[in-house]
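Working notes, structure below.
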Amino acid sequence: MLTELKHNVYELRGKLRRSLREAFTRRMIPIISKQRLALHTHTETSMELTYFREYGSSAFNERTLVEKLKDIIAEYLRDDYRFSATTGTPWDKYNNFYIGEHYRLLPAIARAFGHRRICEIGTFMGASARCLLDNTDATVLTYDIVEWDRLEATFLRTEDFIGGRLRQVLADLSAPEQFEANRERLSACDMFFIDGPKDGVFEAKLFDLIAKERDIFAGKLFVVDDIRLSTMVHIWGSLPFNKLDVTGLGHWSGTGIFVVD
């Protein structure tokens, strides 16, 4: 009964947010851009300004990423994927999607490259950390500015933090002083998943700091969520690293991988 009530409240809040957003976007976006609009179905009424950016490279390391796809796909196709938690909210349905989400892709990449220490930037409800804990032997260090158990719903459990496989650190890594304070922890990781606010500011600052600290990130792989959002297209396209769009295997809103060289 409590779970059903929680679900109904969650749905009601979502409908209210979508109604308010619809009223705003339907009036404002056509004023901002009368040429091209992008509609998507994720929240039924969402709109975005369309933003295309052409980029390309003949860099050898990017070819190496493409060649590595065969190993990633082999891991992706394994039939032992599992996701061991539910929240009783609409978010539950996304975690077992075969195509359209990145929850199968993240552990596939980690296994294909042999990564054992993974850093996630953006804990939120813990779905990405959950899929990595359930489908790899890696340890997960997750960053956010909100404690994991302060959210209304989470895929994480208290016991996940026992034994050292999962740890959350509260920090804004786009701030130079907090980035520097976590330098040692970050340098110990071999794979990074970036899933921050996508506000056009945080990621730009974070990637700038990563570029300035190439010595501690050299050769390490980054996975970036939502690279096709209008706030991320320019940031992703401007990255001075060897990168590859793998949206077809990842999140419908864009998934990219890059290696710091």
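For the reader, a short list of remarks on this structure follows.
- Modelled spin-label separation between K93 and R17, with each label point placed 7 Å from Cα along the Cα-to-Cβ direction: 1.6 nm.
- Two-decimal log10 I(q)/I(0) for the stretch 149-195, as the Debye equation yields it once each C-alpha is a single scatterer, q = 0.14, 0.18, 0.24, 0.26 Å⁻¹: -0.47, -0.76, -1.10, -1.14
- On full extension, the segment bounded by D79 and E159 gains 26.2 nm, given 0.36 nm per residue less the C-alpha separation.
- Debye equation applied to the C-alpha atoms of the stretch 219-261, log10 I(q)/I(0) at 0.22, 0.27 Å⁻¹: -0.65, -0.92
- Ordered from highest to lowest accessible area with the whole protein assembly present and a 1.4 Å probe, S230, S128 read as S230, S128.
- Peptide packing for 77-85, 178-186, 133-141, 166-174 was compared via the average number of neighbouring C-beta atoms within 10 Å per residue; ordered from the highest value, the list is 133-141, 166-174, 178-186, 77-85.
- At most 12 other Cβ within 10 Å, DSSP loop - GluC sites (Glu not before Pro), the stretch 69-171: E147, E152
- Across the stretch 94-185, the fraction of Cα-Cα pairs farther apart than 17 Å, rounded to a whole number, is 51%.
- Heavy-atom accessible surface of the stretch 154-217: percent carbon and sulfur, 1.4 Å: 51 percent
- Residues F124, F113, ordered by accessible area of protein heavy atoms at a 1.4 angstrom probe radius and largest first, appear as F124, F113.
- Computed accessible area, H234, all protein chains, 1.4 angstrom probe, square angstrom: 90 Å²
The values are calculated or read from the model by the stated rules, or taken from the named source; none is laboratory data. On a predicted model such as this, the values are computed, not experimentally measured, just so you know. We place every Cβ from the backbone using ideal geometry, glycine too, and count neighbours over all the protein chains shown. Just the protein is used for accessible areas: all its heavy atoms, side chains included, with ligands, DNA and RNA removed. Shrake-Rupley method; radii C 1.70, N 1.55, O 1.52, S 1.80 Å.
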